[in-house]
Amino acid sequence: MAKTIVEDNIDVLVAGAGLGGTGAAWEARYWGKDKKIVVAEKANIDRSGAVAQGLYAINCYMGTRFGENNPEDHVRYARIDLMGMVREDLLFDMARHVDSAVHQFEEWGMPIMRDPKSGSYLREGRWQIMIHGESYKPLVAAAAKKSADKVYNRICVTHLLMDDAKENRVAGAVGFNVRTGDYHVFKSKTVVVGAGGASNIFKPRSVGEGAGRVWYAPWSSGSAYGLMIQAGAKMTQMENRIVLARFKDGYGPVGAYFLHLKTYTQNCDGEEYESKWFPALQEMVGKEYLDVEASHVSHRPIPTCLRNHAFINEVASGKGPIHMVTMEAFQDPHLEEIGWHNFLGMTVGQAVLWAATDVNPKYENPELTTSEPYVMGSHATGCGAWCSGPEDISPDEYFWGYNRMTTVEGLFGAGDAVGGTPHAFSSGSFTEGRLAAKAACKYIDDGKAEGINVSQEQIDRRKEEIFKPMEHYKIYRNEIVAGTVAPNYINPRQGLDRLQKLMDEYAGGVTVNYMTNEKLLHIGLKKMKTLEEDLQKVAAENVHELLRAWELKHRQLASESVMHHTLFRKETRWPGYYYRGDHMKVDDTNWHVLTVSRRDPKTGEYTMEKAPLYHLVGDIEDKALADMKAKEGA
């Protein structure tokens, strides 16, 4: 029987130690000198999260000290890229603090490349700076480990504990050790969820022996969403999934190639193809979101989803594959080296794949593809929990006391967990972790976490629930037909295949060219309920399979939310990410809003609502400039 290990009297529990979680642990110590800070991480903090393998660029850096950008510039950029749909208060708040996080990384030993002429950081693009970042994660983890009282590695957190004394207040979390199978109970006054977004909820292009070769981290199992949805937290913008244009099959990043190596794309006939799709696309989304003439004049960026739309349509018209033209740049030995290093520093698999398939980008232009959809809140889309913003800039509807706190009291988010803050990337996620932890300390100091009570009944009930897949296997393992076909259970792999097929066909995955509609989504939701019931009978042969079972349950919860949101928003807001075939245009009259959902933890029923979308940047910009001038004057 699994041993129970209880960690009590925690002030700040950090669930998930990627960049968001490490930021939270580090900052919590600054504001909570005498507070008990504990980290629970599914893998090992030194090499966990999306930055585990390293990064070659930090994608979110203002450069305000070098006179490059101000925070409000970044808000405008993210707003354009997301077709208007962002939480501007949260974005501005992240952007005004992110530079200090990057300077901190450099202080800790991060090698950031510098421009030899100006002395400022070497830019790859307007927001990106170049780093030698193979050891990015261990470096940041070291700071978190020094700050935390305890770091528990190899803990899969499955559920949040709720306060039995006061409704809708968090009281900690539970989970199990993925190596020993021990049951872990964390009783805490606050929880900062820094868990990952969702890969592998849509059927990937690479299946069978290629399974796991996906763009986003394969271990990101939607736990940021699963944990919060289970606890009854409101979610926002869960329909805003992302599709990436990347190098085919290895999903190696293209940013450095476009921006630094100055490569470009072409169709099978060697032609530029994007511009021919833009006139019809302008009809679809309106001039406000795609003004082809204005983009040429003002260099206003074209939203990523709209570039995808041109790619998808070009391939559908028979003009694929789309190639990245590398043969020109790679004639320069220095650029050739940068091209390979770019992968070896963060996506080794892409370099290996080219070597294995005899693709030399010096003599052959490699293929690009569009990925299956992913659900996340830290990269270029904004899925996640509906969180309070900062007190100085958030309008009333966006503020309920503590920055980055969800609608569950004492439950905070960072990184993928927070909705409405796209384009945060690694540095922005770390910054959000800092903001969340600072607010969590204030929440405790204000006496908001007094009198929390967690009943033994709740702890025992969760334990039984967590280990049920192993019990189920033990009872029914002998009733097996042909190896793995069992009349009384499904295993996690079978469940995942089923979830991916369902999401792919009904929610707009790759095999249907990202297309869905109301009828498809209703059928999908019906099948999703059946899957949820069947997951009560998922079986785990060992502790590793138990991990896979709980990752699957979190993915299922995230997927159901995605479907409800996609059904609710009756427009095609992001062509190139997905299409509502029954509402093929942007509809600003009815849908210039943020979508918010809540799943009732007791009944599993969803309620959907529209939340106002405020464009605050004008006001904030004036205030920020006025403050700056006042300071200069002083």
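The values are calculated or read from the model by the stated rules, or taken from the named source; none is laboratory data. Just so it is clear, the model here is predicted, and its values are computed rather than measured. Neighbour counts are summed over all protein chains in view; Cβ atoms, including those assigned to glycine, are modelled from backbone coordinates with ideal geometry. Heads up: the accessible areas ignore ligands, DNA and RNA and are worked out on the full protein's heavy atoms, side chains in. Shrake-Rupley method; radii C 1.70, N 1.55, O 1.52, S 1.80 Å.
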Based solely on its DSSP helices, what 222 nm [θ] is calculated for the chain when runs of n ≥ 4 H residues each add -39,500 (n - 2.57) and the sum is averaged over all residues, nearest 500 deg cm²/dmol?
-> -12000 deg cm²/dmol
Of the heavy-atom accessible surface of the range 243-374 (probe 1.4 angstrom), what whole percent is carbon and sulfur?
-> 56 percent
Considering only protein heavy atoms, what is the solvent-accessible area of His564 at a probe of 1.4 Å, reported in Å² to the nearest 10?
-> 40 Å²
Quick one: what are the phi-derived ³J(HN,Hα) couplings along the range 256-266, Karplus 6.51/-1.76/1.60 with θ = phi - 60°, whole Hz, x for glycine and proline?
-> 5, 5, 5, 7, 9, 8, 6, 7, 8, 10, 8
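Per-residue counts of other Cβ atoms within 10 Å, averaged by peptide: what ranking do you get for 413-419, 3-9, highest first?
413-419, 3-9
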Would you please classify the overall shape of the range 1-137 from the alpha carbon gyration tensor, given that a ≥ b ≥ c denote the square roots of the eigenvalues, rounded means a/c under 1.5, and beyond that prolate means a/b larger than b/c while oblate covers the rest?
-> prolate
Highest mean first, what order results for 231-239, 374-382, 584-592 on Cβ atoms within 10 Å?
-> 374-382, 231-239, 584-592
Compute the whole-percent fraction of alpha carbon pairs in the range 471-584 spaced more than 22 Å apart.
-> 40 percent
Total charge dipole magnitude, the range 243-374, about the Cα centre, Cβ charges on Lys, Arg, Asp, Glu only, Debye to nearest 20 | 260 debye
What residues have an amide H closer than 5 Å to that of Gly133, excluding those fewer than 5 places away on the same chain, when H is modeled at 1.01 Å from N in the peptide plane?
-> Leu55
Pick out, from Met327, Thr304, Thr357, the residue whose Cα sits farthest towards the positive end of the charge dipole of the range 243-374, with +1 on the Cβ of Lys and Arg and -1 on the Cβ of Asp and Glu.
-> Thr304
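List the chymotrypsin sites (Phe, Trp or Tyr not before Pro) in the range 100-155 that DSSP assigns to loop (not H, G, I, E or B) and whose Cβ has at most 15 other Cβ atoms within 10 Å. Which are they?
Trp108
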With unit charges on the beta carbon (Lys/Arg positive, Asp/Glu negative), name the residue among Gln556, His132, Thr595 whose Cα is farthest towards the positive pole of the charge dipole of the chain.
-> Gln556
Given (i) 28.7; (ii) 49.7; (iii) 26.5, which label gives mean projected area of the Cα convex hull in nm² as computed from the coordinates?
-> (i)
Per residue, how many Å² of accessible area does the chain show with a 1.4 Å probe?
-> 39 Å²
Charge-dipole axis of the chain as Lys and Arg at +1 and Asp and Glu at -1 on Cβ define it, positive-most pick from Thr516, Ala231, Tyr506 | Ala231
So what are the ³J(HN,Hα) numbers for the range 12-28, from phi and the Karplus equation (6.51, -1.76, 1.60; θ = phi - 60°), rounded to whole Hz, Gly and Pro as x?
-> 10, 9, 9, 9, x, 10, x, 5, x, x, 5, x, 5, 4, 5, 6, 4
Among rounded, prolate and oblate, which fits the range 416-478 when a ≥ b ≥ c are the square roots of the eigenvalues of its C-alpha gyration tensor, a/c under 1.5 means rounded, and a/b larger than b/c means prolate?
-> oblate
For Val418, enumerate residues with amide H under 5 Å from its amide H, sequence gap 5+ or separate chain, H modeled in the peptide plane.
-> Ala385
Once you have a ≥ b ≥ c as the square roots of the Cα gyration tensor eigenvalues for the range 243-374, tell me rounded if a/c is under 1.5, and otherwise prolate or oblate according to whether a/b is larger than b/c.
-> prolate
With the full set of protein chains in place, find how many percent of the accessible area of the range 465-535 is carbon and sulfur; take the probe as 1.4 Å.
-> 55 percent
The range 187-215 and the range 102-141: distance between their alpha carbon centers, rounded to Å | 27 Å
For the pairs Lys137/Lys166; Lys262/Lys585; Lys189/Lys602; Lys527/Lys570; Lys150/Lys474, note any where the Cα-Cα span goes beyond 26 Å.
-> Lys137/Lys166; Lys262/Lys585; Lys150/Lys474
Percent antiparallel among DSSP beta bridges confined to the chain, nearest 5, equals 65 percent
Relative contact order (percent) for the chain, with alpha-carbon contacts under 8 angstrom and 6 or more residues of separation?
-> 21 percent
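Placing unit charges on C-beta atoms (Lys and Arg positive, Asp and Glu negative, everything else neutral), compute the dipole magnitude of the chain about its Cα centre in debye, rounded to 20.
For this selection, approximately 1300 debye.
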